[in-house]
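The values are calculated or read from the model by the stated rules, or taken from the named source; none is laboratory data. Bear in mind that the values here come from a model prediction, so they are computed numbers and not experimental data. Reconstructed Cβ throughout: ideal geometry from the backbone, glycine too, with neighbour counts over all protein chains shown. Only protein heavy atoms, including side chains, enter the accessible area calculation; ligands, DNA and RNA are left aside. Shrake-Rupley method; radii C 1.70, N 1.55, O 1.52, S 1.80 Å.
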Amino acid sequence: VVGRDHAVVLCDVRQDRLDQTAAVLAGLGVTHSEVNCDVTDRNAVDALFKTAQGIGTIGAVIHAAGVSPSMGSAEYVMRTNAIGTLNVNESFYNIAGEGAVIVDVASMAAHLLPEAMIPTGLFPQALTDQDAFMKDMLEACAIVPEEAQSGIAYTVSKSFVRWYAIAQCERFNGRGLRILSVSPGSIDTEMGQLEAEAGAGAMVADAAVPRWGKPEEMAELLAFCASDKA
């Protein structure tokens, strides 16, 4: 859907996934470029945006990079989901022109923990002192046993994504930019199925419509949010 209106720049830290997606887009006749990029590396993210800018005007960014609790430690989850979001959005803010939009992917997990367990008051630190932010976030996750900390880190980090889009929208709007987040439920992806025996699977079982969401359904929503129709 996005490829009909834009030249697409694909980004991923895994080359195999980049290659697979590029092959699908090529089969659909979608003009695209590929950049291997780690969103936790601000210099790499800045280079990604410069590459995109060299192709044309940046119109829309869909930031879906993230990891789930089964994929690593609390530190890895927090750094990828929270610092990665900060890097992508701040680089977008610095380089994008009026009328551009960025859509961040949060999670329904950002809506499930009691507010008292989310250190929202410490979130602004991310913009001024990332080391202090990470230290405070990991301390907040340490209220549970170590084996459960990556799960709390996922929820807190996705709460950060949701908070960031809300807290920064006025600043972005001042530059003629649009920013928002979406909070998917359990989606039938490689990462989603890693959590089939955990929170994501439980959400499916308890849902009003007890099935996994399809990637195509999320793609349509993300494309709508990134379009002028929204």
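So that you can scan it fast, the table gives a plain yes or no per residue for (1) at pLDDT below 95; (2) of a type in the set (S, T, N, Q); (3) under 29 Å from Thr120 (Cβ atoms); (4) surrounded by 15 or more Cβ atoms within 10 Å (Cβ to Cβ):
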position	(1), (2), (3), (4)
Val8	yes, no, no, yes
Asp19	yes, no, no, no
Ala23	yes, no, no, no
Ser33	yes, yes, no, no
Cys37	no, no, yes, yes
Arg42	no, no, yes, yes
Phe49	no, no, yes, yes
Met71	yes, no, yes, yes
Glu75	no, no, yes, yes
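In the range 203-220, the residues that are modelled with pLDDT of 85 or more and assigned to a helix (DSSP H, G or I) never reach a residue that is of a type in the set (Ser, Thr, Tyr) and open to solvent by 60 Å² or more (accessible area, probe 1.4 Å) with C-beta atoms less than 6 angstrom apart, at least six apart or across chains.
When residues of the range 210-220 are filtered for being under 18 Å from Leu112 (Cβ atoms) and open to solvent by 40 Å² or more (accessible area, probe 1.4 Å), how many remain? Step through it out loud before you land on a result.
First, the residues of the range 210-220 that are under 18 Å from Leu112 (Cβ atoms): 210, 212-213.
With the extra rule that they be open to solvent by 40 Å² or more (accessible area, probe 1.4 Å), the set shrinks to 210, 212.
Looking only at that region, the number is 2.
Determine, yes or no, whether Ile152 is β-branched (Val, Ile, Thr) and assigned to a helix (DSSP H, G or I).
Working: β-branched (Val, Ile, Thr): yes; assigned to a helix (DSSP H, G or I): yes.
So Ile152 fits the description; yes.
Only one entry in Met117, Met108 is modelled with pLDDT under 95 and closer than 25 Å to Phe92 by Cβ, namely Met108. Among the residues of the range 111-123, not a single one is open to solvent by less than 70 Å² (accessible area, probe 1.4 Å) and among the small types (Gly, Ala, Ser).
Only one entry of Ala200, Ala223 meets the criterion of being modelled with pLDDT of 80 or more and surrounded by 13 or more Cβ atoms within 10 Å (Cβ to Cβ), and that entry is Ala223. Counting only residues that are assigned to a loop (DSSP other than H, G, I, E, B) and crowded, with 17+ Cβ neighbours inside 10 Å, the range 169-182 holds 1 of them.
Tally the residues that are farther than 21 Å from Met71 by Cβ and touching a helix residue (DSSP H, G or I) at 6+ places or on another chain (Cβ under 7 Å), restricting the search to the range 134-163.
Residues of the range 134-163 that are farther than 21 Å from Met71 by Cβ, as a first pass: 135-136, 139, 143, 163.
Checking which are touching a helix residue (DSSP H, G or I) at 6+ places or on another chain (Cβ under 7 Å) leaves us with 136, 163.
Here the count works out to 2.
Has the range 139-159 got any residue that is modelled with pLDDT of 95 or more, open to solvent by 50 Å² or more (accessible area, probe 1.4 Å) and closer than 14 Å to Thr85 by Cβ? Within the range 139-159, none of the residues are modelled with pLDDT of 95 or more, open to solvent by 50 Å² or more (accessible area, probe 1.4 Å) and closer than 14 Å to Thr85 by Cβ.
Regarding Val67, is this residue under 24 Å from Cys225 (Cα atoms) and open to solvent by less than 20 Å² (accessible area, probe 1.4 Å)? Quick ask: steps written out before the conclusion?
Numbers: under 24 Å from Cys225 (Cα atoms): yes; open to solvent by less than 20 Å² (accessible area, probe 1.4 Å): yes.
Yes: the conditions hold for Val67.
Any residue at all in the range 11-32 that's touching a Ser or Thr at 6+ places or on another chain (Cβ under 7 Å) and not aromatic (Phe, Trp, Tyr)? Looking through the range 11-32, none of the residues is touching a Ser or Thr at 6+ places or on another chain (Cβ under 7 Å) and not aromatic (Phe, Trp, Tyr).
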